[in-house]
Amino acid sequence: MKTAQKYAHLALSWVCIGMLFSCHEDQDIGLDNTYQFIRPAHFPEPVYTFENNPVTKKGFELGKKLFFDPILSRDGSVSCNNCHIQGTAFADAQQHPLSVGVEDRRGTRNAPSLTNLAFMKEFFWDGGVTHLDFTPTNAIESEVEMDESLANVVKKLKAEAAYPPLFKEAFDIEEITSPYMLQALSQYLAMMVSADSKYDQYVKGEAFSKEELEGLALFEDKCSACHAGVLFSDFTYRNNGLSDTFPDEGRARITEFAGDIGKFRVPSLRNVALTAPYMHNARFKTLQEVLDHYDTGVVDSPTLDPLLKKRERGLGIALSEDEKTKIIAFLHTLTDRTFISDTRFMNR
Amino acid sequence: MKSIQLLALSALILLFSACKDDELEAQTFGTFEVEFDNRVGSEAISLEEAGSQNYSYTTASGQAFNLSLFGYYISKIKLEGPNGELYEDEMKVSPHADEVKGFYQVLQSEPASRFIQLENVPAGTYHRITFTVGIADEGIQDGAAGGILDPAEGAWFWNWNAGYIGIAMEGSAQNSGQEEVVGDGWTIPAKSFALHVGGWKDVPAATGEEQRFVNNVKTISLAFDSGVRVGEALEPNAHIVVDVLKLLGNVDFSTTYSVHVPKAGQPFAENIPAAFILDHTHQ
C-alpha cells in the first residue's frame, strides 16, 4: 500500500512539473554558451532588455548576416560593416573620418565603435536613441548613409530566398517584420563585449609596466572624472572645447536646451588606440593630438565644460609631454585583441 | 500521507488556475466601446488629397485650411466606477504583431480605427474614462515592437530622437509659408503644413536650469454624465469628440507649417486636454 501511495505521489509530482512547463511556450534556447550574453564579473549589470530578446545562436547568426548584408541599403552598396569594422573595434576605417554612404555621400559625424552596447542607455553622439533596437534604423533611413526605408528593407528580405527560413529558425515566425530584424541585429550587437584588454587583466591581478602604472595614475587624476568606471565613460554630454561655433549642435538637438549646444557624449575609451580619428567631427588623427588639445587647444564658449575651466591660467587640462606619453601608454592597455579577433563576429 | 496528497492536489489546482487566469472566478464581464469622433469645430472631417488648395475649414483666427491626414495614438485606457470598479486595458509591447496590446492608432482615413473595443471589462457601473494621447516611455523602452507600433507597417516613429509621434495633422493652408520642395522621390507641396507632435522624455529641470526635453504625451480623464453599466448582454459606448480646431488653437500657418521636433509641438500638445471632449455615452 505504502509503495502504491509513493508511486501515486510520484506520478502526481510529474503531472505538476509537466503543468509548470505547459504554461510556458517551448523556447529553443541554445545551450551553447558561446551564444549567451555573459556579463564580465567586473562590469555593471547590462541595461539591454534581454528578457524581451534572449540571445540564441540562430538569432545571433541572423543578426550577423544582416550586419554584413548591403541589402539594407537602397542600392545594395552599403552594409553596417562599411562603417563598423571589427579590426577597429567596430569603429570606421581610419581613412573614413566621416562615414561614407550610398553614392559616396559623406556623413556628418565619425562612426562610433560598437563596443559594450548592452551596458549603454543612450546611443549616438547626441544620445537621441534610448534603446539599442532602434539604432540600426537611423543608419538605414539616413539619406547620407543607407538611404533606404525600413519598410522596403523588410520587403527585400521577404523576397530574398535565404532570409525567411532564417527568421523562422531564429524567431519561429512565418513572415519577416521589422522588429524581428532589429532584434536579430541587437542580438549580434549586444554580444559585442570588450572586457579582455591588458587593463582587464590588470584588474584581475596581472602586472602593468612602470609606464602603464604611471599612466593609469595620471589618467585617474586628469581624465577619469568624465571617462569614468570600467566602461571609461560617465555617459554624460559635454562640450570639450573643440570650437566656439557649433554647426552640429550635438546634445541640444535632442534636449532642445540652449545650455546643451556643442555638447556630445563622452565616448567610452575602450579600444581607443584602434578607433582614430577622434571626436564627433573626427578632428584629431592621433591620441597625441587629443591630449595636446586638452593641454593647449581648448576653446572657450558658453557651454564649455566646467571641468575644463579649473586651471589657474588658461583652459583645459595641464599635461606635460612626459605625462601625455604615459597616459597614451595606459590608453593602449584598453586595446582588446581577443575582441577584435573573436571569430564569432566574423563574416564567414 | 493524506495531507501530502491534499497538498499535491491543491498545488495541481493552483497550477491549473494560474494557466487559465480568472476563469474560475465568479465575476462576469462585458464589453465597452470607445468611439473617437474627429471634427473640425462642428463640422465632420473630409480629407483632401495632399497639396489640394480646396480649403474647407477656418481656424479660430480666420485662417483657411484643409486636412489630408489626421490621427493620433491612444494608450493606457482605464475605466473607473463609483464603487471601486476598475478596468485597466492590458498593455504589452512585443515584436509579435498579435501580442502588442493596449496601443491604438486612430486614423481619420481608416473609419474602423475610430472604434476601440474593450473586452473583458468587469461587470459594474463606470463613471470615468482615462487614457493617454501619445506613447509614453513604456512603449519605447522595451525595444522594437510590431503591429501598430512597427514603423515598417506605418507607425509614426522618429528615428533621430527615438519615439512615436503622438498626433499628426497634415494638410494645406491658404497662408502657409511652405514653399514647394522636391526631393529624391518625394515632394512637399507648396502651401502645405505638417504638424507632428511627439516627445516623451519626462525629465524634471535641474534647480535653476531651464527644462530639457519636452514631454508632449498627455493623459486625459473624462467623467461620464451618468454611470454606464457594463455587463454580459450590454453594449455600452462612450462617444468622444476630438476637435481639430481646438488642437490647432491660434496657429499661424504663415510661420508654423513644419513641426517635427518636440518643442515646436508643445503648443499643440497643450491644446490636447481641451480638444478631447466627452460628448455622450450610450447604455
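The values are calculated or read from the model by the stated rules, or taken from the named source; none is laboratory data. Being a predicted model, the structure only gives us computed values, none of them experimental. Here the Cβ positions follow ideal geometry from the backbone for every residue, glycine too, while neighbour counts run over all protein chains shown. Accessible surface areas use protein heavy atoms only, side chains included; no ligands, DNA or RNA. Shrake-Rupley method; radii C 1.70, N 1.55, O 1.52, S 1.80 Å.
Dipole size of the stretch A:33-193 about its Cα centre, with +1 on Lys/Arg Cβ and -1 on Asp/Glu Cβ: approximately 340 debye, rounded to the nearest 20. Neighbouring Cβ atoms from other chains, within 10 Å of the Cβ of residues in B:229-240, number 0 on average. Near the amide H of B:E33, within less than 5 Å, lie the amide hydrogens of B:L118, B:N237, B:A238, all on another chain or at least 5 residues away, with H placed in the peptide plane. Applying the criteria of a DSSP loop state and at most 13 other Cβ atoms within 10 Å to the GluC sites (Glu not before Pro) of the stretch A:296-344 yields A:E312. Could you run the Debye sum over the Cα atoms of the stretch B:27-282, one equal point scatterer each and no solvent, and tell me log10 of I(q)/I(0) at q = 0.12, 0.15, 0.16 Å⁻¹, two decimals? Debye curve over Cα of the stretch B:27-282, log10 I(q)/I(0) at q = 0.12, 0.15, 0.16 Å⁻¹: -0.75, -1.12, -1.24. Would the protein assembly as shown count as rounded, prolate or oblate if I go by the C-alpha gyration tensor, calling it rounded below 1.5 in a/c and otherwise prolate when a/b exceeds b/c, oblate otherwise? Verdict is oblate for the protein assembly as shown. Against chain B, whose longest principal axis comes from its Cα atoms, helix B:2-19 is set at around 20 degrees.
Within the assembled protein chains, the solvent-accessible surface assigned to A:E206 is about 110 Å², based on a 1.4 Å probe.
Which whole-number percentage describes the relative contact order of the stretch A:198-338, with Cα contacts under 8 Å and a sequence gap of 6 or more? Before the final figure, lay out each step's value.
Working: 211 pairs, mean separation 43.6, N = 141.
Reported as a whole number, the value is 31 percent.
Between B:W186 and A:V230, the distance separating the two model label sites (each 7 Å from Cα on the Cα→Cβ line) works out to 4.3 nm. The Cα center of the stretch B:232-283 and the Cα center of the stretch A:38-84 differ in position by 40 Å. Ranking of A:T115, A:T245 by solvent-accessible surface, largest first: A:T245, A:T115 (1.4 Å probe, protein heavy atoms only, all chains present).
Projecting the alpha carbon convex hull of the stretch A:33-193 along each direction and taking the average yields 9.4 nm². Restricting the trypsin sites (Lys or Arg not before Pro) of the stretch A:151-250 to loop positions (DSSP other than H, G, I, E, B) with no more than 12 neighbouring Cβ atoms within 10 Å leaves A:K204.
Close amide H contacts of A:F284 (hydrogens built in the peptide plane, cut-off under 5 Å, sequence separation of 5 or more or a different chain): A:Y278.
Of all beta bridges that DSSP places with both ends in chain A, some 75 percent have antiparallel geometry. Please report the carbon-and-sulfur percent of the accessible area for the protein assembly as shown; probe 1.4 Å, protein heavy atoms only, DNA, RNA and ligands left out. C and S atoms contribute 52 percent here. Along the stretch B:221-235 the Karplus relation, 6.51 cos²θ - 1.76 cosθ + 1.60 evaluated at θ = phi - 60°, assigns HN-Hα couplings of 10, 10, 8, 7, 5, 8, x, 10, 8, 10, x, 4, 9, 9, 10 Hz to successive residues, with x for each Gly and Pro. Over chain B, Cα pairs under 8 Å with separation of 6+ residues give a relative contact order of 24 percent. The modelled label-to-label distance for the pair B:T255/B:E232, using points 7 Å beyond Cα in the direction of Cβ, is 6.2 nm.
The mean number of partner chain beta-carbon atoms within 10 angstrom of a residue's beta-carbon across peptide B:144-157 is 6.
Are any of the pairs A:K158/B:K101; A:K155/B:K191; A:K324/B:K201; A:K121/A:K263 more than 28 Å apart by Cα-Cα distance, and if so, which? Pairs exceeding 28 Å: A:K155/B:K191; A:K324/B:K201.
Computed over the stretch A:33-193, relative contact order equals 29 percent, with contacts defined as Cα pairs under 8 Å that lie 6+ residues apart. Using a simple spin-label model with pseudo-atoms 7 Å out from Cα toward Cβ, A:E160 and A:D75 lie 1.8 nm apart.
Karplus-based coupling profile of the stretch A:148-162, in residue order and whole Hz: 10, 9, 4, 4, 6, 4, 4, 4, 5, 5, 5, 7, 8, 3, 5, with θ = phi - 60° in 6.51 cos²θ - 1.76 cosθ + 1.60 and x standing for Gly or Pro. Peptide B:124-132 is shielded by partner chain Cβ atoms: per residue, an average of 0 of them sit within 10 Å of its Cβ.
FRET efficiency for the B:E49 to A:D244 pair, using the beta carbon distance and R₀ = 56 Å, is estimated at 0.70.
The distance from the alpha carbon centre of the stretch A:191-205 to that of the stretch B:155-169 is 39 Å, rounded to a whole number.
Taking 0.36 nm per residue of sequence separation and removing the Cα-Cα distance, the B:H282/B:Q141 pair yields an extension gain of 47.1 nm.
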